[in-house]
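Everything below concerns the one structure shown next.
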């Protein structure tokens, strides 16, 4: 394989990846508490298992103002390199997380949502089209918006977030 190959370029970028990405986890739900939030708990567990410190876990209601406040607080938090939202990504009227977060991203990473839906399709079939998962960059930090189900969280973290969060965090600071 020549040095100009895409595979070589990919590995070149990965060598600059951040090893530990301190992250804030935000669950968007009108009904969950920290004790009953199994999706957010799984996000934290998988991040920590991957060597990434969870700075905070919090729950906010499905209200745009609350979601924006949680995003702003996370982006302003010292040491925070990523924010993971879970919940509110479907098509029901109360599912407003993507609509609220996306306009605050300086860059959207469209491949994240595309690949998430493809991988979801392999698991759950055509219902995967209902997911509006997304990722992007805001103020030099990586932001993920994931569904709230444990299956979706595990899929996203195992297949996409954990393999790329360090690389994304390294690239995100270059956008500031």
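The values are calculated or read from the model by the stated rules, or taken from the named source; none is laboratory data. Computed from a prediction, not measured in an experiment: that's the story for all the values here. Positions of Cβ are backbone-derived with ideal geometry, glycine not excepted, and every protein chain shown enters the neighbour counts.
A few comments on the model shown:
- Test: residue in the range 133-142 that is surrounded by fewer than 19 Cβ atoms within 10 Å (Cβ to Cβ) and in a helix (DSSP H, G or I): no
- Complete set of residues in the range 110-131 that are buried (at least 20 other Cβ atoms within 10 Å of the Cβ) and within 13 Å of the chain's Cα centre (by Cα): 112, 113, 116
- Filtered residue count, the range 30-56, keeping only those that are surrounded by 15 or more Cβ atoms within 10 Å (Cβ to Cβ) and touching a strand residue (DSSP E or B) at 6+ places or on another chain (Cβ under 7 Å): 11
- When residues in the range 98-127 are screened for being without any contact (Cβ under 8 Å) to a residue 40 or more places away in the chain, touching a helix residue (DSSP H, G or I) at 6+ places or on another chain (Cβ under 6 Å) and more than 24 Å from residue 63 (Cα to Cα), 3 of them pass.
- Here residue 59 meets each of (1) within 23 Å of residue 164 (Cα to Cα); (2) surrounded by 15 or more Cβ atoms within 10 Å (Cβ to Cβ); (3) modelled with pLDDT of 95 or more with one exception, condition (1).
- In summary, residue 94 fulfils each of the numbered conditions (1) modelled with pLDDT under 95; (2) surrounded by 17 or more Cβ atoms within 10 Å (Cβ to Cβ) with the single exception of condition (2).
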